[in-house]
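First comes the structure, then the notes that go with it.
Please treat every number below as a calculation from the coordinates, not as lab data. Keep in mind that what you see is a predicted model, and the values were worked out from it rather than measured. With ideal geometry, Cβ positions are generated from the backbone for all residues, glycine too; neighbour counts draw on all protein chains shown.
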């Protein structure tokens, strides 16, 4: 049963990662075409990497240092993609440079605080229920921040037809930050195991 849940979590993780990569298609002129094209492209990339890795592992013992280096490199790339993904999602809004810089800063802060919350939760599970509660509370507060920022910013609301569209795009960007950040930090921390 434990193996089943591990497999299920892996499948869900890959689907979320693929959805996050596919969401880059929203920055294209025609998202109805861009999202599927990005999805197919990244499915092919994942498939080719999987086939290469499987074929390579049959002939060679894995070098733990090179595996850790690859994890570190991909982890950093995914974290950078997570921080940049809101810019790609909001590309059609043509925000001024100052707003784009603010979006980057907010994305980086949200990612860092989300990682901190997960670290608090993981380190306190079964040991300190108050710290675990604080970690989950931090995640809940972080999930409310994008809605608060959008509802208080008239410039963002003016770009979209209504507040719901602005909130939808903001949470799409937040989901991309969360998925890329989680995956990136997971790869960075896996080198220590």
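Cα-based radius of gyration for region 64-193, normalised by 2.2 N^0.38 Å, reads 1.18. From least to most packed, judged by other beta carbons within 10 angstrom and beginning with the fewest, 182, 172, 14 follow the order 14, 172, 182.
Of the residues 90, 42, 5, 180, the one with the fewest other Cβ atoms within 10 Å heads the list, and the complete ranking is 5, 42, 90, 180. One decimal place: the segment residue 159-residue 112 gains 14.1 nm when fully extended, by the rule 0.36 nm per residue minus the C-alpha distance. Taking the number of Cβ atoms within 10 Å of each Cβ as an exposure proxy, the fewest-first ranking of 9, 109, 150 is 9, 109, 150.
Residue separation of residue 66 and residue 40 scaled by 0.36 nm, minus their Cα-Cα distance, works out to 6.5 nm of gained length. Here residue 32 and residue 91 are evaluated by their C-beta separation; at R0 = 25 Å the FRET efficiency comes out at 0.95. With the simple model of a label 7 Å out from the Cα in the direction of the Cβ, residue 100 to residue 123 spans 3.7 nm.
The length gained by stretching the chain between residue 134 and residue 147 to full extension, at 0.36 nm per residue less their Cα-Cα distance, is 2.6 nm.
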